[in-house]
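Derivation of every value follows stated rules applied to the coordinates shown; laboratory data play no part. Note that this is a predicted model, so its numbers are computed, not measured. Neighbour counts are summed over all protein chains in view; Cβ atoms, including those assigned to glycine, are modelled from backbone coordinates with ideal geometry.
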Amino acid sequence: MAAPIVIVGAGQAGLQIAESLRGGKYEGEILLIGDEPVPPYHRPPLSKDVLLGLALGEQIEIRSRETLARKNITLLTGVPVQAINRERRQIAMADGTRYDYRGLALATGARLRRLTVPGSELQGVVGLRSLADSHVILAALKTARHVAVVGGGFIGLEVAAAARKAGAQVTVFEAGDRLMARAVAPVLSDFFLALHEAQGVEVRLGRTVMEIVGKEGRVTGLYGDDGGFRRADLVVVGIGIEANDRLAAAAGLDCDRGIVVDACSRTSDPLIVAAGDCTVLRDAVHGGMRRLESVQNAVEQGKSAAAALLGQERPFSQTPWFWSTQYDVTLQMAGLSTGYDSLVLRGNPATGAFSVFYYRQDRLIAVESVNRPQDHMLARKLLDAGQSPSPEVVADEGSKLALA
Amino acid sequence: MVKVIYVEQDGARHDIDVPEGWTVMQGAQRNGLDGIEAECGGSCCCATCHVYVAEDMLGLIPPPGEMEDGMLDNVVAERRPNSRLSCQITLTAALDGLVVHLPEAQS
Ligand SMILES: Cc1cc2nc3c(=O)[nH]c(=O)nc-3n(C[C@H](O)[C@H](O)[C@H](O)COP(=O)(O)OP(=O)(O)OC[C@H]3O[C@@H](n4cnc5c(N)ncnc54)[C@H](O)[C@@H]3O)c2cc1C
Ligand code: FES
């Protein structure tokens with residue numbers, strides 16, 4: 001009997017690969033292996049609805065076990081894959097079990113970057129990546145009175161919003177001089193700074209944490225690098241992630257802070273593909289390596305990876321998009337604004353609903369929208385089509401924006 | 001449990017018991033109805049969980065908010081008066097027997 005296609009990592013990308021293989025009429029065996037105890041689930045709600053108490057564990061499952069069984073996808077949970085033997089076309093589990101593969105997909109996601117300052121190991125100092133992490137924070141928010149968030153990126157700020165809703169006093173430490181600096185332009189950072197401050201969050205820009213202190217093993221507070229002390233019975237660390245590429249690197253696959261893939265999700269081994277947060281894309285157009293940490297990327301790379309396993313080329317080329325929800329504000333992003341040389345506002349930030357259009361050399365490269373879903377959806381179409389509406393039309397709310 | 005009847009394009013009917021408090025999208029996802037993609041996981045940010053709600057119960061569902069309305073303007077299939085994003089419909093006992101039709105495409 002032919003060996004199965006093995007997928008390592010049962011997250012968004014891993015599941016997509018499995019289902020796209022079935023969609024592509026692959027009828028052989030599929031083994032989907034994950035080290036978490038639960039079936040694949042949506043991660044974005046972990047810092048949103050789950051923390052707000054609006055969704056329980058099973059509600060965010062993308063597929064139940066029964067559904068996967070019905071689709072003839074064999075799901076193994078709670079077991080990490082420990083090694084890949086490319087010569088033998090085998091993977092090895094921690095307990096010594098080995099599985100042959102005819103094709104292998106790596107969808108191992110990412111792990112949290114850890115704080116290394118003294119006190120980081122105290123109880124009550126946590127990160128947020130998994131459903132289990134989210135449940136720990138949800139439980140802690142029931143009693144926490146002072147919450148400190150380290151890192152003013154999307155996840156940190158979503159946690160800050162949830163902690164405020166839960167009634168805690170919240171301090172955010174951000175080492176950079178503005179919020180979400182890696183992803184959005186200064187206009188947006190300023191808007192979200194004002195939003196959080198209006199909600200009563202103390203945002204400490206340009207401040208890192210020097211030391212976390214505690215009593216009987218539990219956190220009680222922390223010191224900023226200016227010596228300022230803040231009480232905290234919960235510290236949530238959101239300072240970024242690192243790709244899970246050790247398995248691939250140990251097997252000799254090309255890695256560069258992530259498993260290197262091309263636009264079709266192929267690695268340096270023709271039998272192995274990779275998708276999602278564990279990858280870096282060799283950017284054929286702009287040169288260098290690029291990592292996108294988003295659901296869209298996991299889904300689209302997953303589709304490409306499945307196609308590649310079936311011998312087809314399906315490059316992922318759509319405009320990247322992403323979103324974040326904080327309080328009653330929804331931020332939606334299309335394209336990548338890095339390297340813009342001019343920007344145009346549509347709508348007025350003071351009204352709480354506006355979009356920012358970014359141009360490089362007169363070419364539209366990205367649009368970030370706050371509570372303006374129409375702008376966002378249109379922006380995705382414009383960017384996919386490579387169209388650039390004139391700044392005059394964009395700035396004039398009276399004139400209609402449309403695909404040419 | 002609230003019974004929801006999902007009808008696919010080809011007429012295939014799926015009667016699914018979904019716990020109260022869950023959304024119509026969540027019931028479809030766990031049960032693997034491919035006609036609902038729900039990429040954003042229920043954040044009202046992707047418009048890939050579009051459904052047509054049978055008219056008889058439409059009035060029992062709170063009308064779309066501004067975000068949903070804006071996203072509905074951009075669903076891939078035709079937007080009709082009974083178009084909704086299924087992640088924004090939370091199931092209550094009153095919605096037992098709700099019929100939703102899946103559109104021909106989500107993305
Ligand atoms: C709190 C939070 C909020 C987010 N919000 C958004 C958002 O609003 N919008 C957005 O687009 N994206 C968001 N993201 C990012 C998005 O969830 C990820 O980009 C996406 O989940 C990546 O999918 P993946 O399959 O690559 O990785 P994952 O979903 O992380 O799945 C990888 C899986 O592989 C498992 N694994 C790793 N190593 C092994 C091994 N050796 N053996 C077996 N299993 C293994 C991991 O435990 C994990 O279960 C958010 C992420 C988090 C954590
Ligand atoms: S799941 Fe994305 S809009 Fe409903």
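Odds and ends about this structure:
- Share, in percent, of DSSP beta bridges within chain B that are antiparallel, nearest 5: 75 percent
- Hits among lysines - C-alpha to C-alpha of A:Lys142 under 23 Å, sequence gap 8 or more where chains match: A:Lys48, A:Lys165, A:Lys215
- Placing pseudo-labels 7 Å out from each Cα toward the beta carbon at A:Gln123 and A:Asp341 gives an inter-label distance of 5.8 nm.
- A simple rule links phi to the HN-Hα coupling: the Karplus curve 6.51 cos²θ - 1.76 cosθ + 1.60 with θ = phi - 60°, which for the stretch A:259-264 gives 6, 6, 10, 9, 5, 9 Hz, with x for Gly and Pro.
- Unit charges at the beta carbon, dipole of chain B: most positive-side option, B:Ser107, B:His14, B:Ala77: B:His14
- In plain terms, the C-alpha convex hull of chain B casts an average shadow of 5.7 nm² when viewed from every direction.
- Principal axis extents of the Cα atoms in the stretch A:1-72, from largest to smallest and rounded to whole angstrom, are 48, 20, 18.
- If you run the Gaussian network model on chain A, springs between alpha carbon atoms under 10 Å, then out of A:Tyr101, A:Tyr358, A:Tyr26 the most flexible one is A:Tyr26.
- The protein assembly as shown: C-alpha gyration tensor shape, a/c 1.5 cut-off, then a/b vs b/c: rounded
- For the options A:Glu87, A:Glu313, A:Glu58, a Gaussian network treatment of chain A with springs between C-alpha atoms closer than 10 Å singles out A:Glu87 as fluctuating the most.
- In chain A, the DSSP-assigned H stretches of four residues or longer account for a calculated mean residue ellipticity at 222 nm of -6500 deg cm²/dmol, using -39500 (n - 2.57) per stretch and the full residue count as denominator.
- Those lysines that a straight Cα-Cα span of less than 16 Å connects to A:Lys381, excepting residues fewer than 8 apart in one chain: A:Lys400
- Convex hull per residue volume in Å³, alpha carbons only, for the stretch A:175-234: 95 Å³
- Remark: the stretch A:94-99, residue by residue, has Karplus-estimated 3J(HN,Hα) of 4, 7, x, 4, 10, 10 Hz, where x stands for each Gly or Pro and the curve is 6.51 cos²θ - 1.76 cosθ + 1.60 at θ = phi - 60°.
- FRET E, pair A:Glu242, A:Glu66, Förster distance 51 Å, beta-carbon r, rounded to 0.05: 0.90
- Computed from label points 7 Å out along Cα-Cβ, the spacing between A:His286 and A:Arg98 is 4.3 nm.
- Extent along principal axes [Cα atoms of the stretch A:259-404; Å; largest to smallest]: 54, 35, 24
- Simple label model, 7 Å out from Cα along Cβ direction - B:Ala77 to A:Glu216, nm: 5.8 nm
- Gyration tensor (alpha-carbon) shape descriptor, the stretch A:65-111, a/c threshold 1.5: prolate
- Residue-count net charge about A:Ser369 - beta-carbon cut-off 14 Å; Lys, Arg +1, Asp, Glu -1: -1
- Shielding of peptide B:64-76 by partners, expressed as the average count of other chain Cβ atoms within 10 Å per residue Cβ, is 4.
- Each of A:Pro80, A:Ala250, A:Ile272 was scored by the projection of its Cα onto the charge dipole of chain A, and the greatest displacement toward the positive side belongs to A:Pro80; charges sit on the C-beta of Lys, Arg, Asp and Glu.
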